[in-house]
1. Could you go through the range B:157-169 and let me know if any residue there is within 14 Å of chain A (Cβ to nearest Cβ) and either within 16 Å of ligand 3 (Cβ to nearest atom) or within 17 Å of residue A:52 (Cα to Cα) (or both).
2. If I filter the range A:112-130 for residues that are in contact (Cβ under 8 Å) with a residue 24 or more places away in the chain and at positive phi, do I get at least one hit?
3. For the range B:54-172, please list each of the helices (runs of 4 or more DSSP H) lying entirely inside it that holds at least 2 residues being within 26 Å of residue C:600 (Cβ to Cβ) and in contact with a helix residue (DSSP H, G or I) (Cβ under 9 Å, 6 or more places away or on another chain).
4. Filter the range C:535-575 for residues that are over 30 Å from residue C:134 (Cβ atoms) and part of a loop (DSSP other than H, G, I, E, B); which is farthest from the chain's Cα centre (by Cα)?
5. Among the candidates B:117, B:177, which residue alone is in the same structural domain as residue B:12 (by TED's automatic domain parsing) and either surrounded by 12 or more Cβ atoms within 10 Å (Cβ to Cβ) or free of Cβ contacts under 8 Å to residues at least 60 places away in the same chain (or both)?
6. Select from the range C:260-287 the residues that are in a loop (DSSP other than H, G, I, E, B) and over 32 Å from the mean Cα position of the chain (by Cα) and write down the one among them that is surrounded by the most Cβ atoms within 10 Å (Cβ to Cβ).
7. As an exercise: evaluate residue A:59 against (1) more than 7 Å from every other protein chain (Cβ to nearest Cβ); (2) buried (at least 24 other Cβ atoms within 10 Å of the Cβ); (3) out of contact with any helix residue (DSSP H, G or I) (no Cβ under 6 Å at 6 or more places or on another chain) and give the number of the one condition it does not meet.
8. Test residue C:537 against the criterion of being more than 15 Å from ligand 1 (Cβ to nearest atom), buried (at least 20 other Cβ atoms within 10 Å of the Cβ) and away from chain B (no Cβ under 14 Å), and give yes or no.
Ligand SMILES: Cc1cc2nc3c(=O)[nH]c(=O)nc-3n(C[C@H](O)[C@H](O)[C@H](O)COP(=O)(O)OP(=O)(O)OC[C@H]3O[C@@H](n4cnc5c(N)ncnc54)[C@H](O)[C@@H]3O)c2cc1C
Ligand code: SF4
Ligand code: SF4
Ligand code: SF4
Ligand code: SF4
Ligand code: FES
């Protein structure tokens, strides 16, 4: 397992963790390059279905992070997310899914160092756990990218109506 | 009691303008099925024991049934629970409903949420057998659990009978049917099956009435109630501080709530 | 077909030193759907931006990905550049290859590969972006000012002077708030009423201000620019239009024993009353909880018989009016804890233990003693007064950990005023720390100590009890090795804690704004948005947000007013189109939403409402959720919450996020 490089994605909210990760960069701290960061408006937006999809796309682990409780830019998105994770983790646990591979944390916009540590620790932990082959075994053949590329010309789907 | 219910059904149809009663009967294999009473001639006298009774509230979410407007339904504890939850979720609108719950030598009639609430609060449903199975699964190691489910789920054909029978799965367009994007892979391979069951369990978490319809109709005997019950337990354990007026744990939170695994 | 343009920035050496930008650009050009790809030294510079604009026009690009710094830095820059070239700005995305890549990883192939991967994910996302239009919301140029204390008065006058209509709602019969009750104000000792009353009159006479005194806010609906408020005008029983304020009624009213709120209970008032001589508006109201006519149904009626103008009408009822407004300034002020809050200081049993506001009334030239400091118990001039600062404040055990901020100053003022009025008197001040951090504030306290010879003792008072007509004050002096001190005083003044209004929680809920654990109303950001609330269009001024002195309350009033006038400077408001919407395209029910409405409590901004879809005959065919785009702030919590994906959010749609996640494609 020594030279196994885990594949890691991170779902983060725009206002705290994304900014925190920006700060890690501005402070020139270093962390492993295994991670891909996806920006969400808020942890409240992070659908558990998207978490499943991340594992579909082949990650070995996933970081889910946002503003600390009471600091959410939208005041309560993270509180709702938090309850969602409690239930989601339980389904996965009951089903024997390896929830050690999902790293739930809060990283504020000021915690650049914490972000570096979260990523470093996650990569280390995943190196111990090895690739998630049990799950990959059940995956269908991988989707080929691009899925299709004739969609960008479409007009607005729905224009919100203001009354 | 059967006599009394039947008399009341006749009365409802004659005097109260009820034009459909969803009752229960056994088919030739002894399987409990719905029995639709459209006129007094359809009334039959067979008796279904209360613990054998099924929950046919899923029918009430169907447009075809809804158009009867004034409907009676024979049910047990779980029917009342379902009625209450569906009302809370703004379903069953414009329906005049008569819930008929058989008792030892009589029956109870429930027509309003208030009555349903009183009925439910006065009753403690004895926990069903699933507790033991859940315990067993929880005792397994993570690998064992994974293998257990993979073996069990292999039999699932994604027929979605569980969804069709579930009174709380009333979405007119289920996420499984969404193809932009295709959330749940279509083929009935373990991949799609796994995701379907995780999703179903999540969607029912905190809403499931534990009527076990999903289990009863599953041709592959998938123990969905293990998931249902597991999440039910988790929710009452993790969010037990909720006051009783809160009916859905997932659109609500307590100020300053903390979760230990989020560091 | 997608024709995506990819622009890779070197950021001087910032990116290029660890990422091989040239090779990223080359690999990017091979991603299907990418029809243009270059790297450049500074993408955000003018020539860099021109490259983007030219490419958009030349290659008819329908999507742009700029791989450079954080979108939190330059997304607006590049979106603007795209818009200038005729491309909808929301078809432009940024790939963060600086903060999230080049700066945190060493030079090498892996880092270059990661930069390419980040960019590739964004290319896939941008293929699913749609053109979005900024949302326009009309603005009603009328502001509601809730509360007529000095902060509200300042805000109202500033907004009115900028040419906008103001509706001021004050719950009491007169505006003025606490400042009207003060004697003289620190640190200049100018007379409070003398500086305030002209302002109060200005409010009453301003053509742009409508004053609803003796009124309360019933409810507030709507959103920034478009609020609808219901105001309860409490029955005054006197028609202010006819009343000439001759005063016959209140001089003849037989109910004369009501503790006068304005004089903090130190004098009595009648049932029909004007709270104080300079009240604005200066017209009486009947206090129906005390008036004999109302208490003893129909008996009395003296005032009605005597009123020469026939202005009194017992039949008037509370009236509810509806108004439209574009903004709300909340300036509902504060309350203080009263002496009955302190068991150790006698639970309010001792008449001569008073609070700061009572001292203000005693010292006020228009107060019950006409400015002479006299003990409430027997009217004697006290020879020794003990002032206790931090009474209740900074005391965790009392549930008030915070500093009430103004007590140090007014205690110094009180001691000084006492010494000015009665030179032989002895004044002691028990304090924990002296916090005098305003302009000329510390000088003021020093004057009190040094010139007016007030005795400052650092320490807490543990107990007060009465003995032989004196109040025995027991405390310790912590500067003298915690030596016990005992003072025989004639009067004790407690600088009691400033607390939020008792109804602050319900006011916050009516306004849909936040409040902290002490029930002070919450600002949107403690440093950068101190007068805004989390709800667009609602602003805070004065002590309703935290304890404040007059200069601060006034500045915040003006700041809130400037926020309102900025809002009113346009006829329409433009908002980012990152809002949620419930789909309406699913035939035949016009939406896949099941109408479970479980999502309503999820939204932090109460943007989700119930909507009934009707057919041509006006019958309800379906009940669904509806997102009010004016209120939605775009968090997306509802999107992840909805079981059957009936809500989506522009800019971060299910399809976009799904694609981005699947494009991880490890
Ligand atoms: C004893 C004492 C001495 C002080 N001395 C000084 C001093 O010397 N110098 C100095 O700078 N500061 C002094 N202050 C502080 C000063 O009083 C405050 O800074 C100032 O009054 C704050 O103004 P405001 O408008 O925010 O609140 P307030 O004066 O409290 O006004 C709030 C107004 O809103 C109204 N209101 C409340 N709730 C509602 C509602 N729900 N609907 C409608 N209307 C409502 C109230 O009736 C009131 O008229 C002193 C304070 C105290 C207690
Ligand atoms: S037990 Fe099954 S059928 Fe019954 S409510 Fe729960 S999920 Fe639905
Ligand atoms: S599985 Fe979920 S989306 Fe599908 S019908 Fe049930 S609740 Fe609705
Ligand atoms: S949008 Fe979804 S959660 Fe909201 S009411 Fe409709 S179905 Fe229910
Ligand atoms: S996106 Fe957030 S703010 Fe907008 S409607 Fe949904 S929950 Fe409310
Ligand atoms: S914005 Fe960061 S968690 Fe809500």
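1. yes
2. Yes: the range A:112-130 contains one or more residues that are in contact (Cβ under 8 Å) with a residue 24 or more places away in the chain and at positive phi.
3. Fully inside the range B:54-172 and qualifying: B:77-88, B:113-121.
4. C:549
5. B:117
6. Per the stated criteria, the residue is C:271.
7. For residue A:59, the failing item is (1).
8. yes
The values are calculated or read from the model by the stated rules, or taken from the named source; none is laboratory data. Everything numeric in this text was worked out from a predicted model, so none of it was measured. When we count neighbours, we look across all protein chains shown, and the Cβ atoms used for this are built from the backbone with ideal geometry, even at glycine.
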